[in-house]
Each structure stands twice: as structure tokens, then as C-alpha cells.
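I have placed the structure first, in the form of C-alpha cells, so that the comments after it can refer back to it.
FYI, it's all coordinate maths here, none of it is from the lab. All values derive from a computational prediction rather than experimental measurement. Heads up, the Cβs are rebuilt from the backbone with ideal geometry, glycines too, and the neighbour counts pull from every protein chain shown.
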Amino acid sequence: MTNKFPPAGDVVRAAKSGRPRIARRVHLPLACTLALLALLVSWQTAAADDAKASTPAVSYYKEIRTVVTQQCAGCHQPSVKQGDLTLTTYEGLMTGGAKGKVVNPGQPEESLLIQYLTGAQKPQMPFGQTPLSADQIDLFRRWIREGAKDDTPAEARSIVVPGKPIEYHAAPVVTALAYSPDGSLLAVSGYREILLHKGDGSGLLARLPGISEKITSLAFSPDGKILAAVGGTPATLGEVELWDVAQQKLLKSIPMTSDTLFGASFSPDGAKLSFGGTDNEIHVIDVASGKELLGVKQHDGWVFGTTFSMDGTQLISVGRDGACKLTNLQGGVFIENINQIKGELVAIQREPKHDNVLVGGEEGVPRLYMIHRPKALVIGDTTTLIREYDKQDGAVVAVAFSPDGSEIAVGGSTNVVQVYKTDTGDHVATFEGHKGGIYTLAFAPDGEHLAASGFDGMVRIYDVKSGQLSKAFIPVPIQKESTVSARQGGL
């Protein structure tokens, strides 16, 4: 059988020799080639269409909501609502604010949201912060172009509506307590809110709702005018809240990181607030402006606690790496570890009248250190260690000094609070009654009472001198089951 088409080499040689016979015989392969090219273009177009069709729609719940929470909710939540705009819910976003609707489904460039994010409308949002990246803005464009739909799961809708009081059916774990300087108030952490109680525990005065699921630390400013709360929503948001105590008004909500924050502490003059985070950094902000003054990565693990030196020029921090670190506030220059690393540290408090710090962690041994080393550092030096207290039956999670510094309280994974004399280590009292670990402690300013709480959600206030329980209460309002519900449950 004769080959219908010449080999490619024959075609080339024919072209070079100028023989018309071979040249005429290449028309059919050329036609085939053009047909193949057309078919290839068709395939590519179809593949592009298929790829476009297979690209998943932008998720409000998983993508848009996350960016809004991290970048926008600080100024546009029910407790602040700048521009009469709430962005913590889909409904709020779609309702709009003082300038009308901010989202026109299907029309991204006509939507005020895109115009403010890109700077086409002034001021560019997020106000006073780094603008969103081009990819983030494009995410919003795509979501609006696709119809700006809400894909929030039904179970997530029923959990909480920002700005609406939480309905509790059981006491939540309490992770933070703080007394106001005059002792009239006791702030308690709740779920997405702070509960303000009378200092003696005799009544709930106010509920301060926020956007962070978890409040890990509370601190009153030295003058008692501002209440700081740090915490966040795991893997989503690290937030600082600054509240006007007298007005019970949120002054600032400051998103800082994409994960939870810990260990809030005011500087002695109340002008600065320090805290740590899962980013392994020590953070310091200016309280008046909310601007970050310092963010340094001194630790090789999460930073759980911070405190200022008495003159406010240095920071002492503890973290997962087991180090108690001393850092100069000016420039964030690391000075040294003031401890010998023995295990993860999660709790720290400075002695009220001296530059000494009490720390505790997984090893279960509370230790008192002086901040400033009395002599030049040498390997194996332990001269900063003032005292070791009794080893606890589990990890130490919370420590506290009495207002005059004469006593310390220690709590943790066991269900008791131990109190010791600071200067001798002598055991003073054991406070019992908790059902589970103790995660937070606070001495009242009178020095005569100690508040403790943790896993079981009950706040207990003890009389330090007598060793007796003065008050025990659940800090949140508990919803009672209806009669119908009770009957359905077989009660």
C-alpha cells in the first residue's frame, strides 16, 4: 500500500528543491492542521469555561465574615456602630448604614462597600488601618457579583447574634476576674461579654457585649476609669477592648492578630497596655489612641502573661517556652531571661511595691524572682530567684498578690486555692469548694477578700483572715427551662 502523504522530511526537501508536485501534496495536511488548531482552541475555551464553572462561589460565612471580623468589626459592631453601620451580621451588612445600602448584589463597582475599600470613596476603609489587599478586595467583588448570598449554617445562626444579650443555660467557664481600684466593681469574663458585678458579689450591674468569643484577661486602669479586656476568637481574631467604666461604653475595639490574646497589664501611669499572643509576640499599645507602640517576638512560643516594671520602662513576660523575659520598652530590646527554664509558664504578677515577679506554670511550683539581677550573669546563676513556694498537686494557672504584697494566692488545675506569706513561704490558708480547675484569681483592694473562679463557672469570694467563704454566685443570668421543655425532657 502506497503512503498517501510524504514523510515530513520529504516535504521539507521538496520545498527546498522547488518541485511543485510535492508542494501541491501538502495542502491536505495543512487543512488538517488548521482543523486541529480550531479544535484545540475550542477545547481550551471549553476548559476555561469548565474551570470557571467549577470555581466555588465565595462563602460569606467562611471567607467574607472572617475578613470583616478581623478588619472591620472593631468600628462596626453593635457596641460602637460607627456610621450607623453594623458588620458583625449578614443582616447588618445588607441593611447598610447612615449612607444607605453598602452592598448592591450583582453590582460590585456600584456598591459603597467596594468604593470605600478601594479608596474611590473617602476615607478609605478600614479607617486608620492598612488597606485590604487586592486579593481581599477581589474576594468581596466576586461575592457581590455572585449575588452577595448568605451561606451561614443554621446551627451557627442560633448560637449568638452580636449585640443581643447571650442566653445562658449553664454557667460558662470563667477565665478572667478583676477588681476596680476602689473595690466597688468586680469584672468577670463571660461568653462574648464582660459581666460587671458589685465588688461584694451581691448583684449584677451591667453586661458589656463584644465580638470576641473568649475574654482571657481583664484589667482596670490605675485610676479605675478604663477596663481593658483581651481575648479573641480562636484562629480568627485577637482583640483588645477598652471600656469607659462610668459610661459602660466601648471606647475602642482593636483587632490585633488572627488568634487569641492573653495577659493584659496596664503601665503604672495607665497610658499603655501590654499583652501577649499566639504570634509569640509581646504587644504594647497606647491607650488613648489605640495605636501599637511595640510588637516584638522575644519568645519561642505563645506569650501568656505580661507586666510592667514599677517605673514602666521595662516589660516582664512569660510564655510557652518556659522563659520569664525582661525587655526594655524603648525599642523592644531584649535584656535577659531572669529565670532558669524548667517548664511552660502561664501566669505572672508583679509585687505591688517591689520589682519582683511571681510566676507559675506546668511544673506546679510558684517562684518569686527579682527583676534586676544583683550581679553579672554567669552560667547556672540563680541569684534572681528569691523563693520557691510549695509544689502544687497540678499545674499553676493563676497567681495573685495581696494589695500590700504580704501574701500570695495560687490556683490551677486542682480545685483548691492556696495562700502563702510572701516573705517566708509559710502556708496561710486553703480555700476549697471548686469543682474543677481554678483559672483566675483577684485580691480585693481591701486585702481582706479573694475572688476565684474557673472551670465550674462559679465565682467564690473568700474572707482571707477567717478562711471562710463569703459569697458564691454564678456571674451570668441562667435561662430557666420552660414547663413545656421540662415535661418534654421527662422532668
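Going by a ≥ b ≥ c, the root eigenvalues of the Cα gyration tensor, does region 228-274 fall in the rounded group (a/c under 1.5), the prolate group (a/b larger than b/c) or the oblate group?
On the way: a/c = 2.74, a/b = 1.45, b/c = 1.89.
The shape class here is oblate.
For every other residue with a beta carbon closer than 13 angstrom to the beta carbon of VAL174, add +1 if it is Lys or Arg and -1 if Asp or Glu, then tell me the sum. Write out the running numbers ahead of the final one.
Working: positive: LYS214, LYS435, ARG460; negative: GLU193, ASP456.
With Lys, Arg at +1 and Asp, Glu at -1, the net is +1.
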Problem - Environment charge of ILE348, counting only residues whose C-beta is closer than 12 Å and scoring Lys/Arg +1, Asp/Glu -1 - result: +2
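Taking K and R as +1 and D and E as -1, what net charge do the other residues with C-beta under 10 Å from the C-beta of ILE386 add up to? Intermediate results must be reported in sequence, preceding the final value.
On the way: positive: ARG367, ARG387; negative: GLU351, GLU388, ASP423.
In short, -1.
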Handout entry: Span per principal axis, largest first, for the Cα atoms of region 177-473 (Å)
Key = 54, 45, 32
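Contact order normalised by length for region 236-360, with contacts defined as Cα pairs under 8 Å and 6 or more residues apart; what percent is it? Show your work: numbers first, answer last.
Numbers: 330 pairs, mean separation 19.4, N = 125.
Answer for region 236-360 is 16 percent.
What number do you get for region 60-157 when its Cα radius of gyration is normalised by 2.2 N^0.38 Å, N = residues? Each step should come with its number before you reach the end.
Details: Rg = 12.4 Å, N = 98, 2.2 N^0.38 = 12.6 Å.
After normalising by residue count via 2.2 N^0.38 Å, the value is 0.99.
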Practice task
Pairs of Cα atoms under 8 Å, at least six residues apart: use those to get the relative contact order of region 177-473, whole percent.
Solution key: 9 percent
Handout entry: For GLY437, distant residues with modelled amide H under 5 Å away
Key = PHE455
Handout entry: Cα-based Rg of region 251-401 normalised by 2.2 N^0.38 Å, two decimals
Key = 0.99
Problem - J(HN,Hα) series, region 342-353, from Karplus relation 6.51 cos²θ - 1.76 cosθ + 1.60, nearest Hz, glycine and proline x - result: 10, x, 4, 10, 10, 10, 8, 8, 7, 4, x, 10
Handout entry: Neighbour cut-off at most 15 other Cβ (10 Å), DSSP loop, trypsin sites (Lys or Arg not before Pro), region 287-374
Key = LYS291, LYS297, LYS342, LYS353
Problem - Kirkwood Rh and Cα Rg combined as Rg over Rh, evaluated for region 165-316 - result: 0.95
